[in-house]
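As structure tokens, the structure follows; a few thoughts come after it.
The values are calculated or read from the model by the stated rules, or taken from the named source; none is laboratory data. All figures in this text were calculated on a predicted structure; none of them were measured in a lab. When we count neighbours, we look across all protein chains shown, and the Cβ atoms used for this are built from the backbone with ideal geometry, even at glycine. Ligands, DNA and RNA are stripped out before the accessible areas are found, and what is left, the full protein with its side chains, is counted by its heavy atoms. Shrake-Rupley method; radii C 1.70, N 1.55, O 1.52, S 1.80 Å.
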Amino acid sequence: MKQFKLFLLSLILSFSIACQQETSTAAPPDPKADPHSSSQPNEARTTHLDLHLKGDFDKKNFSGYARWTIENKTGATEIIFDTDNIHIEKITLGKEEKPAEYFLVARDSVLGSALKVPIEPGTDLVTIYYSTGPNAPALGWMEPSMTAGKKLPFLFTQGQAILTRSWIPCQDTPANRITYTASIEVPLGMMAVMSAENPQQKSADGQYRFLMEQPIAPYLIALAVGDIAFRPVGQRTGVYAEPAMLDKVAWEFTDMEKMVTTAESLYGPYAWGRYDLIVLPTGFPFGGMENPRLTFATPTVITGDRSMVSLVAHELAHSWSGNLVTNATWNDFWLNEGFTVYFERRIMEALYGKEYTEMLAQLEYWELLDEVKTLGDTSPDTRLKVNLAGRNPDDGVGDVAYQKGSSFLVMLERLTDRTKWDEFLKSWFDTNKFQSKTTEEFLTFLQKNYLEKYGVTANVDEWVYHPGLPANYPKPNSARLANVEKAAVNVATVMPDTKDWTPHEWVHFVRNLPENTDVVTLKKLDKKFHLTTSGNAEIKCAWYEVAIRQGYSPEILPQIEYFLLNTGRRRFLMPIYTAFKEVGRVETARRIFEKAKPGYHAVSRGSVEELLK
Ligand code: BES
Ligand code: ZN
């Protein structure tokens, strides 16, 4: 609590200084003030969005209007929206659509441009007529060649963390929650789906209407348009995908309904009605994105062996941690992801057992160790509560929020027992549902309803506010992976016995091949186990990285190139491009990137560009 006391002290100090000197402008810091939004929802705030947009796949833009219902309890004389490269046509106030003045503030490279609209005391509606700009980072426009069906183009949006403002002018802070309705017009023959109540069939006229009646943060507004079909997999669960993939997707995620029931038995009722998942084209830059009612997922999870179902457990878990109780700012990102990884593992353990789950946890723990090593264990970015002001909040996305965050909860759980801990977590979700919370609010709740209640103590401050990994970090311990390591060490003399290996064991094996493994051994492995042409992208990625580092890559370069041209997931792109760069083959990397880049989403393109510049 030391840090917190310090913080209180500085609060009091700045207050008293402000009282003494009228000229001081140091306002007390509001723990909810979001450094990544220009909007001031504590003054005039948006409560409901009625969105009307038409998608143009030739021009690659959307145009129409966003009609915002607003609440102005403080008598503010203006309302502020976040925008990024949006072209505003006009703005009107009220039902009668009275023309309004507006001001677009000069663009900030991280925040975009604040849009200030003067309002009157009784203003309840603000309607913004606009079109999206070229290269809006929220919009992933895929050419037909970048889809499975190759006939129709595809579009998906990505809002997290601060991209929604590039397709909808909004108060783009997770502290503000809104409901929405939408009318979306798309070319005939295409289906549109959103993070809302969704159609299950294509419409005859290209018009789609949507309703999201629970209040969500703006980063969770999402839309996908393409040659999409639906298939139920359970009572309230189903999958969307391009028709060519639908069978495979339904097979891969056959356990979705069981997952929802298991999650509910842990932390209370699923609050969103249906839970569906859509598999997007390869250009999707993430593994998964927890858009409410409709998880967005990369096609690389369709492995044919159900080895990536933990991703569904993860995105589903966000229906509680993230979507129901939301991080108030991106500095509190671990509240979303750390809780979600913890919850994901509880679902996995309940459905697939402790041994399997421990193996996944162990692999991710090692990824965390790598990351902490790279950042340095005194780096402020290894704290749970981070300070991302002035930076793109994407910079905070790493294993620390996910793994250290989840391990913090494991440590707390072990102070008492699962029954008490689960009851506590359930009450956290229930008490704070449909609200956005800061780290400090969680810590206060923890103190009162868990630590004090059960008379236990912990080094909470060290975990949350100090860099590095505390001494009481609960380390996973997977016996299965220990065996794999032995096999890797001996690879030059004995080929491994890989019977019953899951893809996770394969990944671990490949990552643990000794540094002096020669090309002859790699070739032998490849001949026997077909790693270069594996159907699993995780295995391929690990293998290609080793191949590049050990000098085996000239032979399999065409396959590596094919992979880079047909995968947009940043998690796979970065290690491979990095390996090329580190062995002095940056020219090869640049050549492939030039070819591949039109197919990458802005998020991935940006990261690779930065690496190779
Ligand atoms: N919400 C995240 C994705 C995200 C985080 C997008 C930050 C933009 C900014 C999602 O839930 C996630 O964590 N996805 C992971 C997969 C998951 C199984 C760990 C990913 O995409 O790799
Ligand atoms: Zn997540």
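Things to note:
- Here the helices (runs of 4 or more DSSP H) wholly within segment 382-469 that include at least 3 residues being charged (D, E, K, R) are 418-431.
- Selected residue (criterion: most open to solvent (accessible area, probe 1.4 Å)) from residues of segment 324-357 that are more than 13 Å from ligand 1 (Cβ to nearest atom) and among the hydrophobic types (A, V, I, L, M, F, W, C): Ala350
- Ala263 meets all of the listed conditions (1) within 15 Å of ligand 2 (Cβ to nearest atom); (2) more than 16 Å from the chain's Cα centre (by Cα); (3) open to solvent by 10 Å² or more (accessible area, probe 1.4 Å) but one, namely (3).
- Any hit, segment 299-312, residues being under 12 Å from the mean Cα position of the chain (by Cα) and modelled with pLDDT of 95 or more: yes
- Yes/no for Lys59 being without any contact (Cβ under 8 Å) to a residue 12 or more places away in the chain and over 30 Å from Val603 (Cα atoms): no
- Number of the condition not met by Thr295 [criteria: (1) away from ligand 2 (no atom under 16 Å from the Cβ); (2) among the polar types (S, T, N, Q); (3) in contact with a helix residue (DSSP H, G or I) (Cβ under 9 Å, 6 or more places away or on another chain)]: (1)
Here's the yes/no breakdown for (1) surrounded by fewer than 24 Cβ atoms within 10 Å (Cβ to Cβ); (2) in the same structural domain as Phe333 (by TED's automatic domain parsing); (3) under 30 Å from Asn336 (Cα atoms):
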site: Thr132; (1), (2), (3): no, no, yes
site: Asn135; (1), (2), (3): yes, no, yes
site: Ala148; (1), (2), (3): yes, no, no
site: Pro153; (1), (2), (3): yes, no, no
site: Thr157; (1), (2), (3): no, no, yes
site: Ile162; (1), (2), (3): no, no, yes
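- Note on segment 526-548: residues that are touching a Leu at 6+ places or on another chain (Cβ under 7 Å) and either at pLDDT below 95 or over 18 Å from Leu565 (Cα atoms) (or both) total 2.
- Enumeration of residues in segment 142-164 that are more than 14 Å from ligand 1 (Cβ to nearest atom) and either in contact with a Gly (Cβ under 7 Å, 6 or more places away or on another chain) or within 22 Å of Leu51 (Cβ to Cβ) (or both): Met142, Met146, Thr147, Leu152, Pro153, Phe154, Leu155
- Residue match in segment 366-378 (condition: within 12 Å of ligand 2 (Cβ to nearest atom) and either modelled with pLDDT of 95 or more or in contact with a His (Cβ under 8 Å, 6 or more places away or on another chain) (or both)): no
- Residue under evaluation Ala241, criteria (1) within 16 Å of ligand 1 (Cβ to nearest atom); (2) surrounded by 22 or more Cβ atoms within 10 Å (Cβ to Cβ), criterion not met: (1)
- Within segment 320-339, the set of residues being within 11 Å of ligand 2 (Cβ to nearest atom) and assigned to a loop (DSSP other than H, G, I, E, B) comprises Gly322, Asn323.
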